[in-house]
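Below is one structure, written out as structure tokens, with a few remarks after it.
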């Protein structure tokens, strides 16, 4: 099996290193990850004749979390969005033969509920699905750079194998797998879920360097500066809102499953058509011929 791996936290992220270690047991792994942190990019691509840097490390693992500097995977980065990394792979390394699967992650942070709409992790998976390639995004509900991925290492291999053994023929499907950030012994099981509903409130707050500390990160880890330069008259804000649950959610909403200690699996599709509303529009006579 040929496996393409990417993420949105950048090629040095611990979650990427762990995912590579997991996936090596299933086949040949090729890593094409963003050079810099790319969270929240969804399916954005680097267009407009922009210069895009690419670097390959061959079989040398450039990840600072790696116990060994060499492994069987082929490592590289592209200075572009996660979806662009997949595009780059499909148009260069895998031009003649697409990979058998694209796995994106392990994301540092939840991609459950409406976070999935913004996720660069899932944007990469969606790009793969758009090209007819099986794709899975996997996330852990913590943004800490040195997160404990033990539960993912323990349970994701069986989840991956079962998803691949039962992958649908239907075009455009990709999977969103979210792990709770709790000890292995406390994980209650795996549940099939639906995308939860909700929104963020009080999203914009004045930029505060101390706010990073409680998450164990620095602005530099996010491709920013601890001493940003601003123009006269500007104010600095940061986007760190609070998630507001929606009372219409069922117990199968993915973020609720994760909060209850389950690993959630949600099937997504690149086709965003609301088929019920399509039929409703037809019934209302929106189809019209102009003379």
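No value in this document is a laboratory result; all are computed from the given coordinates. Not measured: the values here are computed from a predicted model. Every residue, glycine among them, receives a Cβ derived from its backbone with ideal geometry; neighbour counts consider all protein chains shown.
Would you calculate a helix-derived [θ] at 222 nm for the chain, using -39,500 (n - 2.57) for each DSSP H run of n ≥ 4 and dividing by the full residue count, to the nearest 500?
Per the formula, -6500 deg cm²/dmol.
If I model region 43-101 as equal point scatterers sitting on the Cα atoms and use the Debye formula, what is log10 I(q)/I(0) at q = 0.20, 0.30 Å⁻¹?
The computed values of log10 I(q)/I(0) come out as -0.88, -1.21.
How high is the relative contact order of the chain? Use alpha-carbon pairs under 8 Å, at least six apart in sequence, and give a whole percent.
18 percent
Among 23-31, 200-208, 129-137, how do they line up by average Cβ neighbours within 10 Å per residue, starting with the highest?
129-137, 23-31, 200-208
Listing 139, 116 from the residue with the fewest other Cβ atoms within 10 Å to the one with the most, what is the order?
By the 10 Å Cβ count, ascending, the order reads 116, 139.
How big, on average over all directions, is the shadow cast by the Cα convex hull of the chain, in nm²?
For the Cα atoms of the chain, the hull's average projected area reads 20.4 nm².
With the convex hull built on the Cα atoms of region 123-254, state its orientation-averaged projected area in nm².
Averaged projected hull area, Cα only: 11.4 nm².
Where is the GNM fluctuation largest for the chain (alpha-carbon springs, 10 angstrom cutoff): 269, 166, 178?
Most flexible of the set in this elastic network: 166.
Take every DSSP beta bridge whose two residues both sit in the chain, then give the antiparallel share in percent to the nearest 5.
40 percent
Tell me, 232, 126 in order of fewest to most beta-carbon neighbours within 10 Å?
Lowest to highest Cβ neighbour count: 232, 126.
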